[in-house]
Structure formats: structure tokens, C-alpha cells
Amino acid sequence: MRAALDFLYAFCGYLAAICLAGIGALILAQIIGRFFGILVPSANEIAGFLMAASSFLALAYSFRAGSHIRVNLVLLRLPVAARRIADIICLAAGTILTGYFAWFTWVLVKDSIRYNEVADGLVRIPLAVPQSALLAGLVVLTIAFLDELISVLRGNTPSYDIEQDALLSPDGH
Amino acid sequence: AQTWDMPLPYPDTNFHTKNTRIFAEDVKKLTDGKLTINIHSGASLFKMPEIKRAVRTSQAQLGEILLSAYGNENPVFEADGIPFLAVGYDNAWKLYQAQKPVLEKLLAEEGLKLLYAAPWPGQDLFNQTEIKTLADMKGVKFRAYNAATARLAELMGAVPTTVQYAEVPQAFSTGLVSSMLTSAATGVDVKAWEFLKVVYTTSAMHPKNAVFVNQKAFDGLAKPLQDALLKAAAESEKRIWEASKVEAKATVKALGDNGMKVLAPSDSLQAELQKLGDTMVKEWVEKAGANGKTIVDSYKKM
Amino acid sequence: MDQLVQSILLIVLLLAFLAGGFWVALSLLAIGLFGIAMFSGAPPGIVMATTVWGSSASWTLTALPLFIWMGEILFRTKLSEDMFQGLAPWLTRLPGRLLHVNVLGCTVFAAVSGSSAATAMTIGKMSIPELSRRGYDERLIIGSLAGSGTLGLLIPPSIIMIVYGVSAEVSIVQLFIAGVFPGAMLAGLFMGYIALWAVIFPDRTPPADIKMSFLEKVYSSRRLIPVILLIMLVIGSIYQGWATATEAAACGVAGALILSLVMGSLTWRSFLDSLLGATRSSCMIAFILAGAAFLSVAMGYTGLPRTLAEWIRELQLSPYMLLVALTLFFIVLGCFLDGISVVVLTVAIILPMVQAAGIDLLWFGIYVVLVVEMSQITPPVGFNLFVLQGLTGRNILYIAYAALPFFLLMVVAVAMITIFPEIVTWLPAQATMRP
Ligand code: NA
Ligand code: NA
């Protein structure tokens, strides 16, 4: 189970990274294409969709890497037991909120399919396709929140405590 | 008293937005303040691609969109975006009448009720240099913002280049693109004289904004309020078709006053363009199927 | 004043969520939901999904992850170290020494990137480890980065100028030109402050470790050549007409990859690390941006900003007093909303007032950019604060405190362009006076 979940988060993270690289490749193709009079159809729209897909598919992955910002001013000053309770409340609230969000994104996708919504621009891209990436990202984030909640309830420290991107040593403030 | 939200795509300085504000005031007056319309201009509530969805799903009760921006959804929406199908306001009005029954039917399927349509000034051909024949357009980088303008560029032998509206001034200043088909009103908005020299008043087509209401919200109104809303809409439509003509004159003049060469296309150029237009109309009818044929046939009968 | 109670309630709730350690993006979403559910008749869930979709799938936004990626690539090459080695000899006589790298680096990078967060993140990634290793004052490192990062908005190209230009129908090219002098002035103010601080606290700047002749300095500057080439590539791509301001970011990524390939630091591992790092950072920023966009839509439904603006209009102030009132209004709003939301939400309501007072809309655009820059470093919702929290792991109030002097310098800058509007208007006027 643990391995499967970790794989899921990493998989979505890598997908998001591919989307990001795709934005760069697409825009470069558009710039180079212009030199030769070649139009890359709907490049701007697709880049925008990749942007949304990248941002949302990466949610769970960056959540576990501690990239999502929270104001930890009060948290850090709490005694260990109180800190644990605060974390549990935050995680429970987060699970509910992301679940709610995922549900209404599903409503959005359903509406797009029902009314055959398509992107403007040169290519008729069904909006349900890029919106599904949003939905997938939010569903996986909800799972990650729930996963984290259960883990903290079992007495583990939260995985997002690592702050792997920080450049300064954690002492001091 | 009820308050309705109405997201608009264009900012307050735009003549469409100004007219829609008058419409909202009229509704308030005609209903003795029982129905207030809260206008959210400049895409501050929803952006253009989301406005129709927002009204359909009752996130807002009223909305205004550029119809042809939804052309990918159904070709009927972009009938007024096909260059040289209906040149000038009189033809644009006829096309609107021909398009209206189909349009109303399509919107009704989404639970939307069309209130009225508001035309943009005719789309003119902006270019760096004067054009004698269409051969002069060969290889010119032409701004394409949808399928129709991209196809037009192709037919002209120009190179279609996509540039978002916000990036138009920079793209033209640096020579990324050097020609476009747009209304004089938009030409003034982007200050076309800062980067272009010539404009041909081709009036190739008059794209329209559509103003519509959520049917359920409309049905929920008392009869007198419904009547008031429809009355204000009818007046607004009459007003905006006139205001659009005034805007067209004023903006073409502004282009000239700011140093652009405002020219009428020569007969031979107009004929060449018209021929391209015929091709595009034919292609559009094929794409739009039965609906397209109905619209073009009834338009040609008028 | 029903709406006053509403707004206070929303603010208190937001502060409670944030202080409780709830994630920033989620807090914004939650408050937005609450605001719509309590104070409007709209269906909150579907509005949230629609708004977040609409604001996330955005072409203009694509420049952000690309610039961040470019920064991540540079961070993994020797390029950042070289930038210090090249600049250090020139700065060693200046009080404050290498701290000026933050301001200069951000100023130069601002000419490449249109976003404040990407500027702070890129330069921060390169300078924080170098500066803290050399023993510079941590608070000033963080404060100067937070402050100078905002130059990304004022020095062209600039996303916020594009947003304002479209909303106010002011020429975007003119806005870009108008931003040059105020941007240089603000950078000058920042450097002046750092120098003054260093003079007052001489023992808090690490000693100069370089003694070089002029020719040696010039020779050591060769290490700046790769960075200069990269900047020339990005800026050149815009002004040569190869790319739009948004697309230029992709040129930056390509250039950075080529440079790191040439310099031998590009491996599959470093490529992957840079890409994943950029994915995490841009995910964090994009998610907060989405939350902020939703909150601003919720505000639009409740009509709060409109009421506030109406209230200011009814005061019938003189132009100067109007600007003072608007500045306070923007600062308060900027504490809770992000810059783009502030512009989109208020421009429609405020511009008529501003025009009626006889204020030039081009000038007002630069003024708006300056006050939006302030909002990037005011707590609780300030994007440069979030970026620096991510970079340093320090808490947000500490970072905001470190950035406070730079916030005050921006207030000074607003005062200066108000007293001497020519700082803004002179250059664009020259640019249009051609035959
Ligand atoms: Na910039
Ligand atoms: Na702020």
C-alpha cells in the first residue's frame, strides 16, 4: 500500500514535470516555426492547458516535499502534543476541502462533456481533457491528505516537515 | 428586490460595456428597483471562455460574450466571423436575422435565452504598406486569432501567426507580425498607429456580442419584471446598432487623425478579397451542415 | 455598514486560518468559499472549480514556470558562482559590498522576466547560499531580495503592466517604456539604503577579501560573459521580434540549457533535478495564485472592493489626497489579494475616479505597478514572502520584517513619482515624438 501510494505521488509529479517541459518545447517550436513560416496550431492554448495540468498534477508530490507554504509561526512555538493536534486538525480540514474541490471539479468536467465545450483557437480541443488533469491532481491530493492524516494519527511525523528546497540552515528563527 | 450578476469580457472604456451599463440602469428603472443588475466588467468576475458556462450553471444570471469566440463549439456561433459573408451594417443585420432562430435554438439547449446581439464595427485590413493586389500579401506575417482568420491568411498567401490580444502592440512593434484584420475600434484600443501605417476599410464582417440570460432565472421573475427586462433588451439592441455605427465612424477618423493612411480598397482588391470570402463561406457551410445552409439560404433571400 | 462587518469577518477568518498553520492556498480557497456561501447567492463549489480552471489554464502564466526552471538550471551550473566572482571585484569598494548583487541581479533579471516571484526566486537561489556563506547579514540578504524581486514588475517586460494596459486601454509599449526610469530609481533607492546601512553598521559587513588592479578586475569580469550572453539572448529575442514577452521565457530555458551543456554541468541528473525543482516551486506559486484568483472573484460577488472605492469617491478628494487615499486602499487590499487580482478587480471601479481627477492614465499605470509591488512583500499574502519562505525556511513575519525597509522605500518612490511625474512620463514622451 505504502509503495503504491508513493509511486502514485511520484508518478503524478513526473507527469507534471513532463507537462512543464512540454510548455518550453511547445513555445520553442512556435518561435522556431515562425522563422520558417510554420504555424504550430493552438500552441498558446495548449501551453495554457499544460500549465494548468502541471500545476495540479504536481500538487500531491509538492505537498509531500513540503513545498506548499504555510505560516508556521505559531506551530513551531507549540509544545509537541499541541502541535500534533494542530496538524491533525489542519490535515482533516485539508482532506475535506480538497475532497470538496475535487468533487466540484468533477462536476465541471461532466458539464464540459455534456455541453461539448471546446477550446477556442485553431484546434477544437475538448476542454474535458485538460480539465481531467486538474481533477486527477485534486483527487491524488485528497488521497495524499488522507494518507498523511492517517499517518499522523498513528503517531508519525508529517512527511511535509522536510522543506527540501530550503537553502539556509534551519537554526535561528 | 433581486440582484443579478452579469460578467462582461470588455473593460469600461469599451462602447459595448458602456451600452450594457445603460441596459442595466434601464432594467433598474423599469422594474422600480425590484431587479438590480450588478455589472462585472473587464473580465473581473469570469473571463470570456467561462462566461457562457457561468450563466448556464447559474453562477451568474446574465452574460455577454463575443459569439464567434465560441465558433469551435458550433460553427453557427461564428457565422458573423466569416470574412466577406456580410459586408457592412445592413448585411450584418440581415445575417443576424437569418442566424437568430438557429442561435436561439442552440442557446435554449443550454438553458440560455438570447436577449439581443450587439455588432462590432466592420473588420478592416491593417498593414505596414499599401496593397495593390493580394500578391502584395504574400509571405506577410498576418495575425490570426481564430480558425477563420488563420484560414484567411492562408488563402491570401500570408503567414498566419498567432498573437494574443494583450501582446499585439509588442508583437507589431518588433515585427513579429505586420498585418491584421480587426475593427477600427480595436485598432484604436491598441493604438495601431504606433506600429502600423495603412488601414483598408474593408468592413469584411461585423462580429457580434450576444447578451443572454439564464432561462431558469428568467422564468423565476414575476411577469412584469420579465416584460421590463425584455423591453430594456429591445431598446438596448436598437441603441447599440446605432452606437456601433457612430463608434465605427469615430474610430476610423481617429486612426486617420493619428497619422494612419485610411484607404478604401480598390475595386480589383475588393474583388480579390470577395473571391477569398466566397471560398471561406463555402467551406463554412460544409462545416456547419444543415444549420449553415439554412442560415446562408435565408440570408441570401433577404 | 453591513459590508464592513463582512470584510472584517473575512479578514479575521483568513488570519485565523493562516495562523493556525493551514496551507496558504487552501486558506484562500476556504475564505473564498465562505465569502460566497455567506454573502452571495452564487453556488460556491462550482464557482470555485470554474474560476480556478479559468485562472490556471492561462497563456500569460506560462512564463512563470519557465523562468523558474531557467533559474533552477542556472543554480545547478557554476554560472551563479561565476556571477559573484565577476561582480565582486567591482562592488568591494561600495559600502554593503556583495549585498548589492541582490539588487543588481534582480534589476538585470527583471529586464528578462515579467514576474516578481520568478525574479526573487532565481536570484535568491543563486545568491542566498553565496552571501550567507560569506557571512553577510541574513536579515538584509532576505529583505533586499524580497524588495528587489518586485522590480520584475516595474522593469519591462511586466505581466502586471500587460494586465493594466488591457484593462485601462493604455498602450502596453508606452507602459513598458515608462517603467524604465522608475525601475532604475527604485533600484538606486535600494542600493542607497544598503550602502547607508553598511556605513551605520560597519562591523556587520564581512571584510573585503579582494584587492585587484583595474585590469585584473576587467579580466575577472570575463566570468560574467555567459550570464550576459543569456540575458542578451532573452532580451534580444523580445526586441528583435523573434518572441513575445511571454515566449521569451522559453528562450531563457533553451539558453540556460545550452550554457550548462557547454560548461559541462549538464547531466541527466541535474536536468531532472532542475525540472522537478521548478515543478515543485511553480506548483506552489500557481496553487496560491489560483486561490487568490478565487478569493478575488468571491470579493467581486460580495461587492466589497466596489463599496470601498465608492466610499473613497464620495469623499470628493483633491488629486493629491485622492492618491494618498488610494495608496492606503491599495496597501490594505494588497495585504490580502495578489497584485493581478487587485488590478483586475479595482481598475474598472477606480479609473473613472482617477480620470475625473485629471490624472494621466499612463502615469497611473506605473503608480499602480508600484503599489502592487508593495503588495508582494506585505503579510499575510505576499508572493515574495512565500518565495523566500520556500527558499530560506524562515517564517513569514520575520521575512516581512526584513523587507519592511524596502516597503518604506517603495512608499518613498511613490511619493517621488507623484511630486516629479516626469520620472514616469518623460521617456515615453520622447519615444512618441518621432515623425
Ligand atoms: Na520585468
Ligand atoms: Na501582500
Counting only helices (runs of 4 or more DSSP H) wholly inside the range C:120-192, the ones holding at least 1 residues that are under 17 Å from residue C:377 (Cβ atoms) are C:138-149, C:151-154, C:159-168
Of A:50, A:8, A:39, A:20, the only residue that is modelled with pLDDT of 95 or more, more than 8 Å from chain C (Cβ to nearest Cβ) and touching a helix residue (DSSP H, G or I) at 6+ places or on another chain (Cβ under 8 Å) is A:8
Expected output for the range C:66-83 (first residue within 14 Å of another protein chain (Cβ to nearest Cβ), partner surrounded by fewer than 24 Cβ atoms within 10 Å (Cβ to Cβ) and aromatic (Phe, Trp, Tyr), Cβ below 9 Å, 6+ apart or cross-chain) is C:73/C:271; C:76/C:271
Selection status of residue C:182, crowded, with 21+ Cβ neighbours inside 10 Å, away from ligand 2 (no atom under 16 Å from the Cβ), under 24 Å from residue A:28 (Cα atoms) and within 16 Å of the chain's Cα centre (by Cα): no
Listed by first then second residue, the pairs whose first member lies in the range A:101-112 and is more than 8 Å from chain C (Cβ to nearest Cβ), whose partner is part of a helix (DSSP H, G or I) and of a type in the set (Ser, Thr, Tyr), with beta carbons under 8 Å and at least 6 positions apart or on separate chains, are A:102/A:142; A:109/A:132
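Output yes when any residue across the range B:229-247 is within 14 Å of chain C (Cβ to nearest Cβ), in contact with a Lys or Arg (Cβ under 7 Å, 6 or more places away or on another chain) and either touching a residue at least 60 places away in the same chain (Cβ under 8 Å) or surrounded by fewer than 18 Cβ atoms within 10 Å (Cβ to Cβ) (or both), and no when none is.
Within the range B:229-247, the first condition is being within 14 Å of chain C (Cβ to nearest Cβ), and the residues that meet it are B:247.
Narrowing the set further to residues that are in contact with a Lys or Arg (Cβ under 7 Å, 6 or more places away or on another chain) leaves none.
No, the range B:229-247 contains no residue that is within 14 Å of chain C (Cβ to nearest Cβ), in contact with a Lys or Arg (Cβ under 7 Å, 6 or more places away or on another chain) and either touching a residue at least 60 places away in the same chain (Cβ under 8 Å) or surrounded by fewer than 18 Cβ atoms within 10 Å (Cβ to Cβ) (or both).
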| message | Condition (residue is within 16 Å of ligand 2 (Cβ to nearest atom) and among the polar types (S, T, N, Q)) applied to the range C:351-371: is it met by at least one residue? | response | no
Matching residues in the range B:12-26 (under 15 Å from the mean Cα position of the chain (by Cα) and assigned to a helix (DSSP H, G or I)) number 5
For residue C:410, indicate whether it is within 16 Å of ligand 1 (Cβ to nearest atom) and either within 14 Å of chain A (Cβ to nearest Cβ) or under 16 Å from the mean Cα position of the chain (by Cα) (or both). yes
Scanning the range C:374-406 for residues that are within 12 Å of chain A (Cβ to nearest Cβ) and either acidic (Asp, Glu) or within 16 Å of ligand 1 (Cβ to nearest atom) (or both), the one surrounded by the fewest Cβ atoms within 10 Å (Cβ to Cβ) turns out to be C:383
Counted residues in the range B:134-178 being more than 14 Å from chain C (Cβ to nearest Cβ) and of a type outside the set (A, V, I, L, M, F, W, C) come to 9
Note: among C:62, C:50, C:77, just one is polar (S, T, N, Q), out of contact with any strand residue (DSSP E or B) (no Cβ under 8 Å at 6 or more places or on another chain) and in a loop (DSSP other than H, G, I, E, B), namely C:77
- Hey, does the range C:252-263 have a residue that's at the interface with chain A (Cβ under 8 Å from one of its Cβ atoms), surrounded by fewer than 24 Cβ atoms within 10 Å (Cβ to Cβ) and at pLDDT 90 or above? yes
Flagged in the range C:264-291 as closer than 19 Å to residue C:249 by Cα and of a type in the set (Phe, Trp, Tyr), in numbering order, are C:271
Taking the range C:139-191 and keeping residues away from ligand 1 (no atom under 15 Å from the Cβ) and either within 14 Å of chain B (Cβ to nearest Cβ) or free of Cβ contacts under 8 Å to residues at least 40 places away in the same chain (or both) leaves C:166, C:167, C:168, C:169, C:170, C:171, C:174, C:188
When residue C:120 is run through (1) within 14 Å of chain A (Cβ to nearest Cβ); (2) more than 16 Å from ligand 2 (Cβ to nearest atom); (3) not charged (D, E, K, R), the failure sits at (2)
Here, helices (runs of 4 or more DSSP H) confined to the range B:135-223 with at least 1 residues that are in contact with an Asp or Glu (Cβ under 9 Å, 6 or more places away or on another chain) and modelled with pLDDT under 90 are B:147-156, B:168-173, B:184-189
inquiry  = Condition (residue is touching a residue at least 12 places away in the same chain (Cβ under 8 Å), more than 14 Å from every other protein chain (Cβ to nearest Cβ), farther than 30 Å from residue A:77 by Cβ and crowded, with 23+ Cβ neighbours inside 10 Å) applied to the range C:339-358: is it met by at least one residue?
reply    = yes
Checking A:77, A:2 in turn, the sole residue that is more than 22 Å from the chain's Cα centre (by Cα), more than 8 Å from chain C (Cβ to nearest Cβ), charged (D, E, K, R) and surrounded by fewer than 16 Cβ atoms within 10 Å (Cβ to Cβ) turns out to be A:77
Every listed condition ((1) within 14 Å of chain B (Cβ to nearest Cβ); (2) closer than 24 Å to residue C:156 by Cβ; (3) in contact (Cβ under 8 Å) with a residue 12 or more places away in the chain) holds for residue C:296 save (2)
Residue C:130: passes all of (1) over 25 Å from residue C:258 (Cα atoms); (2) surrounded by fewer than 24 Cβ atoms within 10 Å (Cβ to Cβ) but (1)
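The values are calculated or read from the model by the stated rules, or taken from the named source; none is laboratory data. None of the values given here were measured: they were computed from a predicted structure. Neighbour counts are summed over all protein chains in view; Cβ atoms, including those assigned to glycine, are modelled from backbone coordinates with ideal geometry.
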